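Student: My questions will all concern the structure given below.
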Amino acid sequence: MKTAPVLIVGGGLAGLTSSLFLARQGIPSLLVDRHAGVSIHGRARGINQRTMEIYRAYGVADAIERAGAPFDAESGVARCTSLAGEWEWLFDAEEPRAWPELTAGVFCMADQNTVEPILIEAARTAGAEHLFNTELLDFDTDGEGVRATVEDRDTGHRQVVRATYLVAADGNRSPIRQRLGIARTGEMTFQHSMNIVFRAKLSEFLPRRALFWMIANPDGFFGGLVSSADPNRWQLSVGYDPATESSADFTRERCVRLVHTAVGKEIDVDIEGVAAWEQSVGVAEGYRAGRVFLVGDSAHVWPPAGALGANTGVQDAHNLAWKLASVLKDQAGDDLLDTYDAERRPLAETLAPMIVAHQRARHSGAPEPEEMDGRTQAFGGGYGAGPVFDSGFGRQARVGRRAPHLWLGDTALHDLCVGDFVLLCDSPEWMEAARTVPVRAHRAENADGWSQHYGRGAVLIRPDGYIAWRSTGSASASDLTNAIDHALHPADGEQLGTR
């Protein structure tokens, strides 16, 4: 029997980041994934500034930026009848990739299939274990934890895994969520696509690189084209009816014809792979069922407009990991784990209908709604009382909101948010008060932006970068200790900003 504090099922971005975040906080996990390895299909390419801010703290941002370098020249979304025809730019002027006044994280374009190996290596180096080509067959829970049966898909060898908690990162259809009987609100499937990965030389048709090409011609063809880190590898997505077709119906000859239609000219094409993809929307009615937690697509799914699916999944994992680590280290009570659902689910319920509206506008050619700009999407989400998203996107220090960015010498504030509470203060008295308290304390009164964003006094920041408490009173070790204790032992899953 294998044992691990946490069993993670699913080796996509949400599962792999859960593995990395836990390992870096001293919690080894076991991850199983039914696939043999990383998919060749490039997915979830846009990594927003908040996610890159988190990746910086965990030491993988530089490698991910290098993986995204081939996409540095890409911007905008184009529509055309074929690549060889005239293009119409639907979205030309893009948001800046760097917002230095808000974060040290820089927006990055990197394919999921190039990011995943980076996360795998970093997590394994930190002590995590990954078993690919290994499928979860069954699981049950009791008062002590989770008992799961997994099978090596090559050898058929089965083994029992005993874990304290189970993280379900097993995708949109999530057999774990279905086994638990957790329904999804607003569930709807409005497009089935077949992704065709192919090799071809398209440079003569592409005087400028877009993030995405929408191709529609009068004969009824509709598809979407994206590039990859390899300059001659591409992915074409076309619609299909799963009631009458499957990936087996997309033969090499048919795929070549579809590529020729998209390009508008017969060229040499090498088909490398075909995979089905479902474009749907739905948010799980609960993110926790006892010892099981849903993250990423198992918890919420929506169309790709805004590139918020994978980003939200990584941020789910970031919120959950420090809470699991605190409980497993006996620093916190079980009520802390209830705050995962209370904090993360309202964000998804707010984002889902907004993203659907944006996706429909893109396909119809109508103007996109303007409910929320990129800065608010990335940094405006908060927990507790008040609106779920704040258009002030974290410029002022408030309990329940992400701590505003500061440079502390050569270190960005959020680089410190790995497993520890952080105290920012502006006096030697607060530094002395923090000396006997388990917190990383920093005097910040000379940091650019301290008085503007934080005012004065002291601010306690959780390991996920959100403000748990602030004080403008006299320095007090007992007040600071009580604040940490309250953050780790909330009453009945109480959220930040509600007290």
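Student: Would you kindly identify the helices (runs of 4 or more DSSP H) lying entirely within region 5-76 that contain at least 2 residues that are assigned by the TED database to the domain that holds P207 and more than 23 Å from A126 (Cα to Cα)?
Tutor: none
Student: Could you list, in sequence order, all residues of region 155-187 that are part of a strand (DSSP E or B) and modelled with pLDDT under 95?
Tutor: The answer is R184, T185, G186, E187.
Student: In contact (Cβ under 8 Å) with a residue 60 or more places away in the chain, among the polar types (S, T, N, Q) and touching a strand residue (DSSP E or B) at 6+ places or on another chain (Cβ under 6 Å): which single residue out of T103, T81, T134 fits that description?
Tutor: Criteria check complete, one pass: T134.
Student: Further question on the same structure: Can you find a residue that is under 26 Å from the mean Cα position of the chain (by Cα), at pLDDT 95 or above and not acidic (D, E) anywhere in region 438-459?
Tutor: no
Student: Let me ask something else. When region 418-460 is examined, which residues are found to be within 12 Å of A397 (Cβ to Cβ) and aromatic (F, W, Y)?
Tutor: Matches in region 418-460: W450, Y454.
Student: Please name all residue pairs, on different chains or six or more residues apart, with Cβ atoms under 9 Å, provided the first residue is in region 388-416 and is at positive phi and small (G, A, S) and the second residue is open to solvent by 10 Å² or more (accessible area, probe 1.4 Å) and not in a loop (DSSP other than H, G, I, E, B).
Tutor: G394/R375; G394/H453; G400/Y466
Student: Look at L22 and say whether it is closer than 17 Å to D464 by Cβ and open to solvent by less than 10 Å² (accessible area, probe 1.4 Å).
Tutor: Here the answer is yes, as L22 does meet what is asked.
Student: D316 - would you say it is open to solvent by less than 10 Å² (accessible area, probe 1.4 Å) and either in contact with a strand residue (DSSP E or B) (Cβ under 6 Å, 6 or more places away or on another chain) or under 18 Å from N172 (Cβ atoms) (or both)?
Tutor: yes
Student: Here is a follow-up. Sort out which residues of region 105-161 are open to solvent by 50 Å² or more (accessible area, probe 1.4 Å) and hydroxyl-bearing (S, T, Y), and write them in order of number.
Tutor: Once the filter is applied, which keeps residues that are open to solvent by 50 Å² or more (accessible area, probe 1.4 Å) and hydroxyl-bearing (S, T, Y), region 105-161 yields T125, T141, T155.
Student: Could you please give the count of residues in region 210-239 that are assigned to a loop (DSSP other than H, G, I, E, B) and surrounded by fewer than 17 Cβ atoms within 10 Å (Cβ to Cβ)?
Tutor: Final tally of qualifying residues: 8.
The values are calculated or read from the model by the stated rules, or taken from the named source; none is laboratory data. Predicted model only: the values in this text are computed from it and were never measured. Virtual Cβ from ideal backbone geometry, glycine too; neighbours counted across all protein chains shown. For the accessible areas, the whole protein counts, side chains as well, though only heavy atoms, and no ligand, DNA or RNA atoms are used. Shrake-Rupley method; radii C 1.70, N 1.55, O 1.52, S 1.80 Å.
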